[in-house]
1. Taking only pairs six or more apart or across chains, which ones have beta-carbon atoms under 8 Å, a first residue in segment 55-75 that is on the phi > 0 side of the Ramachandran plot and at pLDDT below 75, and a second residue that is in a loop (DSSP other than H, G, I, E, B) and surrounded by 10 or more Cβ atoms within 10 Å (Cβ to Cβ)?
2. Report, by residue number, each residue of segment 45-82 that is assigned to a loop (DSSP other than H, G, I, E, B), surrounded by 10 or more Cβ atoms within 10 Å (Cβ to Cβ) and within 38 Å of the chain's Cα centre (by Cα).
3. Residues in segment 5-12: is at least one modelled with pLDDT of 80 or more and surrounded by fewer than 10 Cβ atoms within 10 Å (Cβ to Cβ)?
4. All but one of (1) out of contact with any helix residue (DSSP H, G or I) (no Cβ under 8 Å at 6 or more places or on another chain); (2) at pLDDT 80 or above hold for residue 96; state the number of the condition that does not hold.
5. Any residue at all in segment 23-33 that's under 17 Å from the mean Cα position of the chain (by Cα) and modelled with pLDDT under 80?
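The values are calculated or read from the model by the stated rules, or taken from the named source; none is laboratory data. Predicted, not measured: the structure shown is a model, and the values here were computed from it. Cβ coordinates were reconstructed from backbone atoms using ideal geometry, including for glycine residues, and neighbour counts include every protein chain displayed.
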């Protein structure tokens, strides 16, 4: 029973950790970013004609906090569920064990 509960608790945790891992790109090297390459001028077609992007006044989008991913709360949900299962586990009393030995006759 305990092995099953531990397995059920660790599998979602393992999947959560696996999906949260950041894997670096294999072809990335810091030397590539150290070289300053001249960037071409980007142009945008506006009502007034073609204008360089640097000259346009663009409002920055409002910074919003990303919503909480459901897997972020997974460890908390698993911990609450396991603690509820363990807290409300049926307890054997002396009367129940005595009934089992007497052949099920009530006291």
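1. Between residues of segment 55-75 that are on the phi > 0 side of the Ramachandran plot and at pLDDT below 75 and residues that are in a loop (DSSP other than H, G, I, E, B) and surrounded by 10 or more Cβ atoms within 10 Å (Cβ to Cβ), there is no close pair.
2. Across segment 45-82, the qualifying residue is only 69.
3. Yes, segment 5-12 contains a residue that is modelled with pLDDT of 80 or more and surrounded by fewer than 10 Cβ atoms within 10 Å (Cβ to Cβ).
4. (2)
5. Narrowing segment 23-33 to residues under 17 Å from the mean Cα position of the chain (by Cα): 23.
Next, only the ones that are modelled with pLDDT under 80 stay: 23.
Yes, the conditions are met somewhere in segment 23-33.
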